[in-house]
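**Q** Just dropping this structure here.
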Amino acid sequence: MPPDHILPRLAINTTLARDILVRFIRDEIYKQGFKRAVIGISGGIDSALSAFLTAVALGPENVLGLRMPYQSSAPESVEDAGQVIEQLGIQTDTVDITPMVNPLFERFPEMSKVRKGNVMARQRMIILYDQSVPFNGLVMGTSNKTETLLGYSTLHGDSAAALQPIADLYKCQVRQLARAMDVPATIIQKAPSADLWQGQTDEEELGYTYDTADQLLFLLVDERYSIEECTAEGFEEGFVEQVWRRVQRNHYKRTLPNVAKLSRRTIGHDFLYLRNWSAG
């Protein structure tokens, strides 16, 4: 594995990052004619930081934080989520997804853990979008840059959102900003987990640590290093190729669906406008 000399290059100005992201959230929400946001609070660092930023941007009274546990969810995850909700003073509700997803699991008993995890992620997004209607808010995403690049997310699940405030922060940068914003230390220090099944951790599932992935992805993506240049930095060539293939293979998760072109002006090809037309 590589030397840690690359990690210092991933250090961020947390004050500047906080200000940019708070303004981004506020501007994007207001531009769309909303003043409120809905966010899933899992008890992990990504959703915690996203909730902290959103509460600062919109005011805690304008944020709805939803806990959506499954029967096998770790009790400490629900407790950590509760700690975030209490510390921020945001509005909240808890929706148990167990009776919603178990009938599908029973219908397909051969379903793997990964498939079940995808079902749970998509069910949680159904709840978030449903609750966004009576709350009159937009759904906030909680994905970081590392997992977004690696495709470590569920299409139309945790990757679905109106805004993705921390998707340009690598996992190590999420930790930096979380510490600066006083996210509870227990959340920052615990092993990252999507809490999809008992004992599941992100790094065990990926096969490498986030710090290692952050350093390599920073070189490949931000610095535009070649595979050979990454190898010269101390990474094993096979590992670099594996990670880069994963980034390429999962690119479809980071883009809108391709539209087949038949007319003179096709959505996504020639009919292109800013997300907010009024800004044009």
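Rule-based calculations on the coordinates, nothing more; no lab input. All values reported here derive from a predicted model rather than from experimental measurement. Every residue, glycine among them, receives a Cβ derived from its backbone with ideal geometry; neighbour counts consider all protein chains shown.
**Q** Between the stretch 62-111 and the stretch 236-257, what's the alpha-carbon centroid distance in Å?
**A** About 30 Å separates the Cα centre of the stretch 62-111 from the one of the stretch 236-257.
**Q** Where does each of SER226, SER143 land when they are ranked from fewest to most other beta-carbon atoms within 10 angstrom?
**A** SER226, SER143
**Q** Which far-off residues, 5 or more places away or on another chain, put their amide H under 5 Å from the one on THR92, with H placed in the peptide plane?
**A** Correct list: GLY65.
**Q** On to the next question. Could you check the simple spin-label distance between GLN248 and ASP27, using points 7 Å along Cα→Cβ, in nm with one decimal?
**A** Inter-label distance under the simple model: 3.5 nm.
**Q** Within the chain, how many lysine pairs that are 8 or more places apart, or on different chains, have C-alpha atoms less than 30 Å apart?
**A** 21
**Q** Sticking with this structure for a sec: If amide hydrogens are placed 1.01 Å from N in the peptide plane, which non-local residues have theirs closer than 5 Å to the one on GLU223?
**A** none
**Q** Among ARG175, ARG275, which comes first, second and so on when ranked by fewest other beta-carbon atoms within 10 Å? Please report the intermediate quantities before stating the final value.
**A** Numbers: ARG175 21, ARG275 9.
Sorted ascending by nearby Cβ count, the order is ARG275, ARG175.
**Q** While we're on this one: Gaussian network model of the chain, Cα springs within a sub-10 Å range: biggest mean-square fluctuation belongs to which of PRO184, PRO99, PRO257?
**A** In the Gaussian network model the winner is PRO257.
**Q** Next question, about the same structure. Per DSSP H run of at least 4 residues, take -39500 (n - 2.57); add these up for the chain, divide by its residues and hand me the 222 nm value, nearest 500 deg cm²/dmol.
**A** -14500 deg cm²/dmol
**Q** If you plug each phi of the stretch 12-28 into the Karplus form 6.51 cos²θ - 1.76 cosθ + 1.60 with θ = phi - 60°, what whole-Hz ³J(HN,Hα) values come out, in order, with x for Gly and Pro?
**A** Running phi through 6.51 cos²θ - 1.76 cosθ + 1.60 with θ = phi - 60° gives 10, 7, 5, 5, 5, 4, 4, 5, 5, 6, 5, 5, 4, 4, 4, 5, 5 Hz.
**Q** Now for a separate question. Apply the Karplus curve 6.51 cos²θ - 1.76 cosθ + 1.60, θ = phi - 60°, to the phi angles in the stretch 256-262 and return the couplings in whole Hz, x for Gly and Pro.
**A** Running phi through 6.51 cos²θ - 1.76 cosθ + 1.60 with θ = phi - 60° gives 5, x, 5, 10, 5, 8, 10 Hz.
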